[in-house]
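What follows is a short report on a single structure.
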Amino acid sequence: MNVRPSQKIMLSAVQPSHQLTLGNYLGALKNWIKLQHDYECIFFAVDLHALTVKRDPAQLKEQTYQAVATYIASGIHPDQAILFIQSHVPEHAELSWILNCFTYMGELGRMTQYKDKSTQQGKNIPAGLFTYPVLMAADILLYQTHLVPVGEDQKQHLEITRDLAIRINHLYGENLFTVPEIYSPPIGARIMSLQNPQIKMSKSDPDPNGVIYLMDSDDQIKKKFKRAVTDSGQEIIYRNDQPGIKNLIDISCALTGKTPEEWVNQYRGKQYGHLKIETADRVIETIAPIRSKTAELLKDRNYLDALLKQGAHRAREKAQRTLSRVYDKIGCVGGRY
Ligand code: TYM
């Protein structure tokens, strides 16, 4: 481990509510990997967040391992980053309660993810769905995080995290919490469903044809791209009123670093079919090695368990430092037994 103590903290997480998707990779993981050498890194699987919707317990356990294995398979260095499972560090739930006491119902009610997800729940909306962003704020503020790389859908949660940090710092002392910065990639921060380019590609989409899972076979990926819904035009252009084609170009850009103009020039005079097939090939080139490395890692549970135990230990040391300062500042008697 060669992390310098003065290094700034980068932190992020994925909810193990399903297999990870191409959206998770391009919007989040790819940037964790790109930035990991400039920060002390903390990455975890947020199993407590996953409980906000009913889950099959065995599946949740499996997907939690799968998330962490995917981080490593994608290129996170397990001997440098702190990798762990959220529920292994009870300080997250503790700080979350405290932050709940400083968060306003109005600001939580404005969260678009809450509005979307609570509509899907019908009548009995779990309170956890409402306070979800508070637990996320606790995840981040516990570690005095400087940078949080996320996709676009998480920006609102990051804003509330920043607001909470500023509010509490103002009340109890300027440097109780570091106010985190958000990093979202210029392209790839919002990958859309292949079946409905008006909605984001989401793990929980009931239509699996709209979603590329990182564990999909080459064949599945090819089929999904072939069936991708495109627009009624003929020409390959990059415009908001051609969202299906724009999404395929965005995916190619995020994978390769090329600009939309470069891809549009490359496809001048070609048909939609070319773009679909070749985007699928680009995706396979990136995903296939991640898929096989993830599968390999998942066979060695002892290795993963040892890594996660060590990660939780390292995380708790940092988390306890913040939490005991918070308890002290807000008026809870110190000295934990
Ligand atoms: P989650 O699990 O929904 O998504 C994980 C990451 O993937 C990004 N993402 C996408 N990016 C581009 N296009 C898409 N279609 C797409 N879908 C998802 C998300 O923006 C995210 O960066 N609440 C978080 C997990 C979380 C967290 C945290 C993140 C809990 N605590 C602390 C950062 C810091 C979530 O459910 O992400």
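Since every read-out is calculated from the coordinates, none of them should be taken as a lab result. Nothing here was measured: the structure is a model prediction, and the numbers come from that model. Please note: Cβ atoms are built from the backbone with ideal geometry, for glycine as well, and neighbour counts cover all protein chains shown.
Between Ile199 and Thr259, how high is the FRET efficiency from 1/(1 + (r/R0)^6) when r is the Cβ-Cβ distance and R₀ = 22 Å? Nearest 0.05.
On the way: r = 25 Å, r/R0 = 1.14.
The computed FRET efficiency comes out at 0.30.
How big is the dipole moment of the chain about its Cα centre under a simple scheme where the beta carbon of each Lys and Arg is +1, that of each Asp and Glu is -1, and everything else is neutral? Debye, nearest 20, please.
Details: 41 positive and 36 negative charges, 49 e Å.
Once rounded to the nearest 20, the dipole reads 240 debye.
Could you tell me which of Ile237, Thr52, Val264 has its Cα farthest along the dipole of the chain towards the positive end, charges placed at Cβ (Lys, Arg +1; Asp, Glu -1), taken about the Cα centre?
Thr52
With charges set only on the Cβ (+1 for Lys and Arg, -1 for Asp and Glu), what does the dipole of region 220-326 come to about its Cα centre, in debye to the nearest 20? Before the final figure, lay out the partial values.
Working: 22 positive and 13 negative charges, 120 e Å.
About 580 debye.
So how far apart, in nm, are the two label points at Arg301 and Lys270 if each is 7 Å from Cα heading toward Cβ?
Label at Arg301, label at Lys270, 4.5 nm between them.
Using a Förster distance of 22 Å, how high is the FRET efficiency between Arg321 and Asp163, based on the Cβ-Cβ distance and rounded to 0.05? All intermediate terms of the calculation are to be shown ahead of the outcome.
On the way: r = 23 Å, r/R0 = 1.05.
So, using R0 = 22 Å, E works out to roughly 0.45.
In the chain, if the dipole is taken from +1 on Lys/Arg beta carbons and -1 on Asp/Glu beta carbons about the Cα centre, which of Trp97, Ile187, Phe84 is farthest to the positive end?
Trp97
Based on DSSP H runs of at least 4 residues, each adding -39500 (n - 2.57), what is the mean residue ellipticity at 222 nm of the chain after dividing by all its residues, to the nearest 500 deg cm²/dmol?
Value at 222 nm, helices only: -16500 deg cm²/dmol.
Rounded if a/c is under 1.5, else prolate if a/b beats b/c, else oblate: with a ≥ b ≥ c from the C-alpha gyration tensor eigenvalues square-rooted, which is region 240-337? Write out the running numbers ahead of the final one.
Working: a/c = 5.37, a/b = 2.13, b/c = 2.52.
It is oblate, given that a/c is not under 1.5 and a/b is not larger than b/c.
What residues have an amide H closer than 5 Å to that of Ile42, excluding those fewer than 5 places away on the same chain, when H is modeled at 1.01 Å from N in the peptide plane?
Sorted by chain and number, the residues that satisfy this are Met10, Leu11, Ser12, Ile82.
Show me 76-83, 11-18 ranked by packing, highest mean number of other Cβ atoms within 10 Å first. Working shown, then result.
Values: 76-83: 18.1, 11-18: 24.1.
Final packing ranking: 11-18, 76-83.
Over 20 Å between C-alpha atoms is what I'm after, so list which of Lys203/Lys258; Lys61/Lys299; Lys155/Lys203; Lys226/Lys270; Lys200/Lys293; Lys30/Lys276 land there. Mind showing how you got there, number by number?
On the way: Lys203/Lys258 26 Å; Lys61/Lys299 14 Å; Lys155/Lys203 18 Å; Lys226/Lys270 15 Å; Lys200/Lys293 27 Å; Lys30/Lys276 22 Å.
Violating the 20 Å Cα-Cα cut-off are Lys203/Lys258; Lys200/Lys293; Lys30/Lys276.
Of the peptides 141-147, 303-309, how do they stack up when ordered by the mean number of other Cβ atoms within 10 Å, highest first?
Result, highest mean first: 141-147, 303-309.
Helix 155-172 versus the longest principal axis of the chain: what is the Cα-based angle in degrees, 0 to 90, to the nearest 10?
Roughly 20 degrees, rounded to the nearest 10.
Remind me, relative contact order of the chain in percent, using alpha carbon pairs under 8 angstrom and six or more residues apart?
Values: 511 pairs, mean separation 73.6, N = 337.
Result for the chain is 22 percent.
If you place +1 on the Cβ of every Lys and Arg, -1 on the Cβ of every Asp and Glu, and leave all else neutral, what size is the dipole of region 87-172 about its Cα centre, to the nearest 20 Debye? Walk me through the numbers before you get to the answer.
Details: 7 positive and 9 negative charges, 54 e Å.
That gives region 87-172 a dipole magnitude of about 260 debye.
For region 185-261, build the convex hull from the C-alpha positions and give me its volume per residue in Å³. Before the final figure, lay out each step's value.
On the way: hull volume 7.9 nm³, N = 77.
With only Cα atoms used, region 185-261 gives 102 Å³ per residue.
Taking Cα atoms of the chain, Rg/Rh with Kirkwood Rh, to two decimals?
Details: Rg = 20.7 Å, Rh = 21.0 Å.
Looking at the chain, the ratio lands at 0.98.
So in the chain, what percent of DSSP beta bridges are antiparallel if you round to the nearest 5?
Details: 2 of 16 bridges.
Just about 10 percent of them are antiparallel.
At a Förster distance of 41 Å, what's the computed FRET efficiency of Lys123 paired with Lys309, Cβ-Cβ distance as r, to 0.05? Provide the component values of the computation, followed by the final result.
Values: r = 41 Å, r/R0 = 1.00.
After rounding to 0.05, the efficiency reads 0.50.
So how do 180-186, 46-52, 104-110 stack up, highest first, on mean other-Cβ count within 10 Å? Show your work: numbers first, answer last.
Numbers: 180-186: 16.6, 46-52: 20.7, 104-110: 11.9.
Descending mean neighbour count gives 46-52, 180-186, 104-110.
Post the alpha-carbon centroid distance, region 102-152 to region 246-315, in whole angstrom.
Here the answer is 28 Å between Cα centres.
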